[in-house]
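Below: one structure, written as structure tokens.
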Amino acid sequence: MLLRRYPIFNRRLALVAYGIDYQLSSPAEWPSLAQHCRLLAQGRQYLVPFTHEQLDEQRPLLLDQDAIPLVEASSDRLPSSFPVLEQWRDSRRRLAVHGANRDPRWLGASRMLVFWMGEEGICQPTEHKRMALNIETWADFLPLRESGVDFFAGGFLARPELVNQRANKPDMVLVQQILQLICHEEFSFAQVARLLEQDTSLPGQLITYVNSPGFDHASPITSVSRALSYLGEQEIRKFVLINGLAKMSQHMPEACTRIAIARARFCELIALTSLGKAEASWAFLVGLVLDGSMLSEPLMAHLPKSVKRAIELHEGPLFQLFQLASTYEQGNWALLEQLAPKYQLAPAKLTPVYFQAQMWGQAFLTR
């Protein structure tokens, strides 16, 4: 599957939607495309093109209510010949049409008219919303805005991105900036959201994470800002540590990454009962990067003293908790009998916690 996402702006050049082009290798990829479109749109409406054959197959119905199908008008086939368009219109969803002037009945079926730069009729006033594609200069944009065109896209405003080329590869400069924020005891959700939305990989992973079975909410969360608000500091820190640090660590094979994530979760679960919720995400961090090899000096500088004490000096409650988790992993039962009582835990009670952590770590890597 090949995907290309391009931003769509309004007359004030505010980002209001995305356009998504695609190329599928087989029809079996349609459900996956629908999911990718929803994630890439980040809670905004998104424009998706469909051929007449795909309309006959009723493919638009696979997409959610934020999708706006883009259809090529034809004088040979009218809107009434596509039952899916009737269903789409009956549910009060938007339809975008290119070349609607080929037959007045296409004008009646559409909510938005799409033009390529320079096409006839682009500046003609109409009751429909109008969108101009392929804007390359200010000289293209300004006259169209003056003529009342509503939406714009093109390389001059923002270059399209080939999303598949960056799958699971976040921008590491952005990752470092986000990590510096979340390494503080308190951080700004707005700053994290602003940085996340500059990347094509992390927002989709965040939306997938917040909609996973481990979280309970009435309806799917589709925007970065709502996801951050729902998760809170602890879960955001954990998400960024895994997707921005552990998964992208160049010197760690996947097997080692899986072990580190499961150990971090094990530490977190123990901390929730023994150290309190406030320390849980820091216990996760210590369990993930105790040797400090994944953390740069600037990141270490922002960490709370209790975390630096555990990582650098190998002492304090967080280090002792890591030691307990590591002792269980190694099967050193004699030492475990000595360490567990400090956390008011019986060694036998650690077994279900350990397996829960293992399952969670494996599930996270397959998301």
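For the chain, the fraction of C-alpha pairs more than 34 angstrom apart is 40%. Which one of 62, 23, 36 has its Cα pushed farthest toward the positive end of the charge dipole of the range 1-118, where Lys and Arg give +1 and Asp and Glu give -1 at the Cβ? It is 36. Accessible surface ranking for 115, 82, 1.4 angstrom probe, highest first: 115, 82. In straight-distance terms, cross-link reach from residue 129 covers every one of the aspartates and glutamates whose alpha-carbon lies under 20 Å from its own, apart from those fewer than eight places away in the same chain; here that gives 66, 72, 86, 90, 103, 119, 120, 140, 146, 150. How much accessible surface does residue 277 have with a 1.4 Å probe, in Å² rounded to 10? Accessible area, nearest 10 Å²: 150 Å². Shown here for the range 1-79: trypsin sites (Lys or Arg not before Pro) in loop regions (DSSP other than H, G, I, E, B) with at most 11 other Cβ atoms within 10 Å, namely 12.
Look at the alpha carbon pairs under 8 Å that are at least 6 residues apart: their mean separation over the length of the chain gives a relative contact order of 12 percent. Annotation for the range 278-324 versus the range 104-163: alpha-carbon center distance of 53 Å. Averaged over residues, the count of other Cβ atoms within 10 Å places the peptides 20-33, 174-187 in the sequence 174-187, 20-33, highest first. Computed from backbone phi, the HN-Hα couplings of the range 297-302 come to 4, x, 5, 4, 5, 8 Hz, rounded to whole numbers (Karplus: 6.51 cos²θ - 1.76 cosθ + 1.60, θ = phi - 60°; Gly and Pro given as x). With the full set of protein chains in place, find how many percent of the accessible area of the chain is carbon and sulfur; take the probe as 1.4 Å. That fraction is 51 percent. For the range 318-367, what is one quarter of the convex hull surface built on the Cα atoms, given in nm²? Mean shadow area of the hull around the Cα atoms is 3.8 nm².
Among the listed pairs 305/349; 238/342; 277/349, a Cα-Cα separation exceeding 23 Å is found for 305/349; 238/342. Residue-wise HN-Hα couplings along the range 131-138, as the Karplus relation 6.51 cos²θ - 1.76 cosθ + 1.60 with θ = phi - 60° gives them from phi, are 10, 10, 9, 6, 6, 10, 8, 4 Hz; Gly and Pro carry x.
Out of every Cα-Cα pair that the range 2-158 contains, those further apart than 24 angstrom amount to 33 percent. Given their separation in residues at 0.36 nm each and the Cα-Cα distance between them, residue 346 and residue 362 gain 3.2 nm when the chain is fully extended. Of the GluC sites (Glu not before Pro) found in the range 46-135, those in coil by DSSP whose Cβ has at most 16 other Cβ atoms within 10 Å are 57, 119, 120, 127.
In the full protein context, the chain carries 49 Å² of accessible surface per residue, based on a 1.4 Å probe and ignoring ligands, DNA and RNA.
The values are calculated or read from the model by the stated rules, or taken from the named source; none is laboratory data. The shown structure was predicted, so the numbers you read here are calculated from the model rather than taken from an experiment. Glycine gets a Cβ as well: all are built from the backbone with ideal geometry, and neighbour counts include every protein chain shown. When the accessible area is computed, the model is the full protein with side chains, heavy atoms only, and any ligands, DNA or RNA have been set aside. Shrake-Rupley method; radii C 1.70, N 1.55, O 1.52, S 1.80 Å.
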